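Working notes, structure below.
Throughout, read-outs are computed from the coordinates displayed, never taken from laboratory work. None of the values given here were measured: they were computed from a predicted structure. Note: ideal-geometry Cβ built from the backbone for every residue, glycine included; neighbour counts use all protein chains shown.
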Amino acid sequence: MTQVKNYYWRIAGFYFFYYAFIGMFAPYWSLYLQSIRFSAVEIGILMSVQPVMRMLAPSLWGWLADHTGKRLLVVQVAASLSAIFYLGVFVTTSFWGMLLVLALMSFFWSASMPLVEATTLSYLGKQTARYGRLRSWGSVGFIGSVVGLGYAFDYIAISWLLWAGLICELGILLFSRQLPETQVVPHHTDQQPILKIFLRPSVMLLFGACFLMSAAHGPYYTFFSIYLVEHGYAKSAVGGLWALGVICEIGVFILMPRLAHRYGFMRILIASFALAVVRFMMIGWCVDFLLLLLIAQVLHAATFGAYHAASVGLIHELFQGKHQSRGQAMFGSLTYGAGGMLGGLISGPVWQYYGANMLYTCSALMALLGLILVGWSSSGRFLQAAH
């Protein structure tokens with residue numbers, strides 16, 4: 001317990017600024033891009049750059065961390081280069097210039113989190129159920145960012161968003177230098193190729209389901225703020241609605257040790273997918289009914305908070321020993337990365353030609369397909385297959 005307390009705030013600080021950056025980027029970057037005259041299709045492409053890099057970069061960085069044994073150094077180098085390339089947003093407003101800057105920044109920014117997730121879970125050891133409470137500080141950072149900026153943009157220009165992003169990048173860089181070194185505990189799967197673990201049918205089904213969950217959230221992260229503003233909501237209200245979801249998410253993270261002990265990660269995951277279907281249908285068809293929209297945002301606790309904690313916990317059980325970094329990196333690449341990219345790329349054309357109702361109905365259908373896959377994975381005795 002002493003060890004956990006010694007480094008608790010250092011790890012929490014990294015999560016705080018990393019997710020404060022997301023709280024700046026996810027709700028408001030599309031509004032900034034709209035303010036400098038990009039079309040819906042261009043916004044969809046630019047908002048998909050980060051998920052693309054989350055697909056391509058983490059596996060490379062995870063391999064480098066596992067191969068060199070210098071996980072912490074890799075995190076620090078990536079954080080430094082991410083902050084440097086972010087500076088490019090101050091000097092370009094062209095589509096191709098913005099595409100290049102976001103690609104370079106995101107290539108290094110996306111490297112950190114899978115490695116920090118592996119570091120945190122290794123650091124916690126047998127107390128992995130406490131992960132949610134540490135991760136909740138990321139949610140606090142997200143809320144501070146999304147609410148503060150939401151109110152600010154009712155009074156100041158959206159271009160000030162660029163400076164908020166720089167502050168977050170510097171915070172990430174600072175706390176990357178405060179993280180603890182952790183020892184990789186040997187495991188009997190160390191001699192197995194990582195693909196042998198990944199190619200187990202129940203594991204591939206889990207990855208497929210989580211890919212679909214990320215794809216389902218793509219339209220939410222890309223167009224939800226624009227959707228609300230077009231329906232008459234003030235930017236402060238937009239920030240408040242984003243924050244409501246994350247406040248509920250924090251509650252789930254705090255309760256996660258008890259929930260995981262009582263229900264297990266797989267049952268929590270199944271419930272998360274089922275509630276995602278309900279949530280996206282409510283967003284797509286009930287935007288003018290504030291009470292129903294509030295309920296939809298409360299469900300973010302399930303569709304992201306419980307989902308994320310359960311899926312990361314399952315991946316940690318699957319990929320142990322020397323495969324920890326690459327396992328988390330592979331999960332991030334193939335689910336949040338590839339899934340988020342798909343969701344973001346389809347958002348622009350569907351939004352432009354078919355409207356928001358159809359876009360969020362597509363999200364609900366992807367979550368439904370994910371529910372089928374995760375249920376199939378569960379029926380294959382997942383936990384036994386993991387060992």
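Tabulated results
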{"quantity": "FRET efficiency, 1/(1 + (r/R0)^6) with R0 25 Å, evaluated for residue 90 and residue 60 via beta carbons", "calculated": "0.35"}
{"quantity": "Total formal charge among the other residues, if their Cβ is under 14 angstrom from that of residue 299, Lys/Arg +1 and Asp/Glu -1", "calculated": "0"}
{"quantity": "Loop sites in the range 95-158: trypsin sites (Lys or Arg not before Pro), DSSP, at most 16 other Cβ within 10 Å", "calculated": "126"}
{"quantity": "As computed over the range 250-364, the Cα convex hull volume per residue (Å³)", "calculated": "102 Å³"}
{"quantity": "The range 2-386: relative contact order as a whole-number percent, Cα under 8 Å and 6+ apart", "calculated": "31 percent"}
{"quantity": "Residue among 297, 50, 352 with the largest mean-square fluctuation in a Gaussian network model of the chain, springs linking Cα atoms under 10 Å", "calculated": "352"}
{"quantity": "Gain upon complete extension [residue 8, residue 159; 0.36 nm per residue less C-alpha separation]", "calculated": "50.9 nm"}
{"quantity": "Top of 70, 196, 322 by mean-square fluctuation, Gaussian network on the chain, Cα under 10 Å", "calculated": "196"}
{"quantity": "For the range 42-199, convex hull volume per residue from C-alpha positions, Å³", "calculated": "140 Å³"}
{"quantity": "20 Å cut-off, amide nitrogen to a point 7 angstrom out along residue 352 Cα→Cβ, residues in the range 33-67", "calculated": "33-52"}
{"quantity": "Label-to-label distance, nm, for residues given as residue 379 and residue 278 (7 Å Cα→Cβ offset)", "calculated": "2.3 nm"}
{"quantity": "Span-like helix ranges in the chain, DSSP H, alpha carbon extent 18 angstrom or more, Kyte mean at least 0.0", "calculated": "2-35, 49-68, 71-86, 95-124, 131-152, 161-176, 201-230, 235-263, 265-285, 338-354, 356-379"}
{"quantity": "Only Lys, Arg (+1) and Asp, Glu (-1) charged, at Cβ; the chain dipole about Cα centre in debye", "calculated": "1020 debye"}
{"quantity": "26 Å Cα cut-off, lysine pairs counted over the range 2-386 (separation 8 or more, or different chains)", "calculated": "9"}
{"quantity": "MRE, 222 nm, helices only [DSSP H, n ≥ 4, -39500 (n - 2.57), over the chain, to nearest 500]", "calculated": "-27000 deg cm²/dmol"}
{"quantity": "Length released on extending from residue 230 to residue 372, taking residue separation times 0.36 nm less the Cα-Cα span", "calculated": "47.7 nm"}
{"quantity": "Distance from the range 285-334 to the range 86-148 (C-alpha centre basis), Å", "calculated": "15 Å"}
{"quantity": "Spacing of the two label points (7 Å from each Cα toward its C-beta) at residue 41 and residue 73, in nm", "calculated": "4.7 nm"}
{"quantity": "Top of 94, 311, 122 by mean-square fluctuation, Gaussian network on the chain, Cα under 10 Å", "calculated": "94"}
{"quantity": "Cut-off under 5 Å, modelled amide H: who pairs with residue 153 long-range", "calculated": "none"}
{"quantity": "Assigned charges on the beta-carbon of Lys, Arg, Asp, Glu; the range 235-375 dipole about Cα centre (debye)", "calculated": "300 debye"}
{"quantity": "Other-chain or far-sequence residues with amide H under 5 Å of residue 70's (modelled H)", "calculated": "none"}
{"quantity": "For q = 0.16, 0.31 Å⁻¹, Debye-computed log10 I/I(0) when each Cα of the range 42-93 counts as one equal scatterer", "calculated": "-0.61, -1.15"}
{"quantity": "Spread of Cα-to-Cα distances over 10 Å intervals beginning at zero, given as percent, for the range 1-94", "calculated": "12, 34, 33, 16, 4, 0"}
{"quantity": "Spread of Cα-to-Cα distances over 20 Å intervals beginning at zero, given as percent, for the range 2-386", "calculated": "30, 62, 8"}
